[in-house]
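Below: the structure, in structure tokens.
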Amino acid sequence: MDASVVVKHLLAEPDSALADRFLEQHPGTLAAPDLLQVEVANVLCHAKHLPSGRAREEGLERFFALGIALEPPQPEDVQQALRLALSSGLTAYDATYVAMARKHGVRLVTADAKLVAKTRSDDVVLLRDWRP
């Protein structure tokens with residue numbers, strides 16, 4: 001899963017209930033590139049509807065409490081992500097999620113319809129289309 005799913009869980013957005021359900025059904029079994037934590041922190045930092053710095057810190061604490069295993073991308077993951085980004089128009093960040101999911105033989109679940117459209121692959125699934 002990528003940051004878009006986590007953000008929908010942490011903030012009130014369309015499809016938040018789907019993100020909640022997805023995360024509840026996978027306790028302790030999810031993994032992502034460690035850049036996930038920085039992306040989540042960035043969104044919390046810039047979320048205009050959060051009232052205070054403390055609310056942003058609590059959001060980050062809720063993220064860490066999810067227990068998502070964070071894996072640092074290895075050089076070969078970054079090389080694969082670069083190739084994928086160049087061929088598909090993805091950002092290197094999004095391509096890293098895709099490359100690492102593929103390395104582990106799992107589907108990437110995302111709430112980002114543009115990411116799904118750019119990959120045009122069965123191993124990248126839109127959150128609202130996700131089925132276990």
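A short reminder: the numbers here are calculations on the coordinates, not readings from a lab. What you see is a predicted model, and the numbers here were worked out from it, not measured in a lab. When we count neighbours, we look across all protein chains shown, and the Cβ atoms used for this are built from the backbone with ideal geometry, even at glycine.
Brief remarks on what is shown
- When T96, T29, T91, T119 are sorted by how many other C-beta atoms sit within 10 angstrom of their C-beta, beginning with the fewest, the order is T29, T91, T119, T96.
- Extension reserve of the H49-Y93 stretch, reckoned as 0.36 nm per residue once the Cα distance is removed: 13.3 nm
- Comparing A3, P33, A111 along the charge dipole axis of the chain, the residue lying farthest to the positive side is A111, per the Cβ-charge model.
- A simple charge model with +1 on the Cβ of Lys and Arg, -1 on the Cβ of Asp and Glu and nothing else charged puts the dipole of the chain at about 300 debye relative to its Cα centre.
- Packing order of peptides 68-74, 108-114, highest average first: 108-114, 68-74 (average count of other Cβ atoms within 10 Å over each peptide's residues).
- Extended-chain gain in nm, criterion 0.36 nm per residue less alpha-carbon gap, V106 and D122: 4.7 nm
- The chain, helix-only ellipticity at 222 nm - DSSP H runs n ≥ 4, -39,500 (n - 2.57), divided by all residues, nearest 500: -17000 deg cm²/dmol
- Here the label points at A65 and V38, each 7 Å from Cα along the C-beta direction, are separated by 2.6 nm in the simple model.
- Against the rule of thumb 2.2 N^0.38 Å, how large the Cα Rg of the range 60-114 comes out: 1.22
- Here the Debye sum runs over all C-alpha atoms of the chain as equal scatterers in vacuum, and log10 of I(q)/I(0) at q = 0.17, 0.20 Å⁻¹ comes out as -0.89, -1.21.
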